[in-house]
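The values are calculated or read from the model by the stated rules, or taken from the named source; none is laboratory data. Small disclaimer: the values here were computed from a predicted structure and weren't measured. All Cβ positions, glycine included, derive from the backbone under ideal geometry; neighbour counts span all protein chains shown. Side chains included, ligands, DNA and RNA excluded: accessible areas come from the protein's heavy atoms. Shrake-Rupley method; radii C 1.70, N 1.55, O 1.52, S 1.80 Å.
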Amino acid sequence: MASLKDLRNRIASVKATQKITKAMQMVAAAKLRKAQMAAEAARPYSERMAKVLANISSAMEGQENAPALMVGNGSDQRHLLVVATAERGLCGGFNSSIARLARDKARALQAEGKDVTILCVGKKGYDAMKMEFSSIMMEPITFREVKNVGFNEANIVGQKVLDMFADGEFDVCTLFYSEFQSVISQIPTEQQLIPANIVGSEEGEATEEADVSYEYEPDEEVLLADLLPRNVSVQVFRAILENAASEQGARMSAMDNATRNAGEMIDKLTLSFNRQRQAQITKELIEIISGAEAL
């Protein structure tokens, strides 16, 4: 059984941990609002770009000069998996859920005989996957020193992917991230970047879009040559913003649970401390009384 001193030290240690987790919860709550607003603000732009690309792509469907970023290069043997996670931990299952989805995808592709390459954006995704897939993983792209990750950082990732595709290093590129729903709900998401998996919108809106005929200046081929590469960076940027909001929501929830668990542990340790202290006092009283009676 632990001594009173050990119990006292452990109670003090747990209380110190509780203060840290409570502070981290409050910091995450303060950052969450800003990150959530940024993620929600990026969604309409990303969705509207997808609608425009869908409309332009429909006009070029079946043409021989269709861009490779839209239709692919005719093969799906080599796959690039871009796994976007956080730079830091202590956010519950946020990082592990994204890594698990990417890990399952990599295993499935390898089982089909496909060649897989993994590019991690964020340190935690690399740490989670390097044990099993170290031989097929590229050097990770991290933004640990960047206070506010913006479109410039997303464009670095997008340009890296585009350069690899231009060099013929992969045929299909898939992006993995976590879509923010609420503080307690972040959904691991898989999105194909190349060839562009363009979905215009909801079914009703898609019908409305299809009924509208647009004339583009310059022509569709020139527009797609500019919009398709930009779309890669835009989708990566959206994934980073969704991840930022999801990370803070997951951390807020995890630290709230940790704070409550620390409180419960303190209560149990305090009860054990009081019982042991009472037992020690009772034992000392018995010894004093026994000694007095012996005299």
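Brief remarks on what is shown
- Cβ charges +1 (Lys, Arg) and -1 (Asp, Glu), total dipole of the chain, debye: 2860 debye
- Extension gain (nm, one decimal) between Ile281 and Asp6, 0.36 nm per residue minus Cα-Cα: 97.3 nm
- Per-selection Kirkwood Rh - the chain (Cα, Å, 1 d.p.): 22.6 Å
- Residue separation of Leu271 and Asn152 scaled by 0.36 nm, minus their Cα-Cα distance, works out to 37.4 nm of gained length.
- Antiparallel DSSP beta bridges within the chain, as percent of all bridges there, nearest 5: 40 percent
- With the simple spin-label model, which puts each label point 7 Å out from Cα in the Cβ direction, the Ser75 to Arg144 separation comes to 3.6 nm.
- The residue among Phe165, Phe151, Met131 whose Cα reaches farthest toward the positive pole of the charge dipole of the chain, with charges on the beta-carbon of Lys, Arg, Asp and Glu, is Met131.
- Residues Ala23 and Ile289, FRET efficiency given R0 of 51 Å [Cβ-Cβ distance, rounded to 0.05]: 0.55
- Average accessible surface area per residue within the chain, 1.4 Å rolling probe, Å²: 57 Å²
- Coupling constants for the range 184-189 follow from the phi torsions by the Karplus curve (6.51 cos²θ - 1.76 cosθ + 1.60, θ = phi - 60°), and in residue order they are 9, 9, 10, 9, x, 10 Hz; glycine and proline get x.
- Judged by the mean number of other Cβ atoms found within 10 Å, the most tightly packed of the peptides 268-278, 22-32 leads the ranking 22-32, 268-278.
- With q set to 0.13, 0.21 Å⁻¹, the log10 of I(q)/I(0) for the range 24-169, from the Debye formula over equal scatterers at the Cα positions, is -0.78, -1.42.
- Surface share of carbon and sulfur [accessible, 1.4 angstrom probe, percent] for the chain: 52 percent
- Stretch gain in nm, segment Ser134-Ile187, where the contour uses 0.36 nm per residue and the Cα spacing is subtracted: 16.5 nm
- Virtual spin-label span in nm between Lys15 and Ala108, 7 Å along Cα→Cβ: 5.2 nm
- For Ile194, the amide hydrogen comes within under 5 Å of the amide hydrogens of Cys173, counting only partners 5 or more places away or on other chains and with H modelled in the peptide plane.
- Helix-only mean residue ellipticity at 222 nm for the chain, each DSSP H run of n ≥ 4 adding -39500 (n - 2.57), per residue, nearest 500: -23000 deg cm²/dmol
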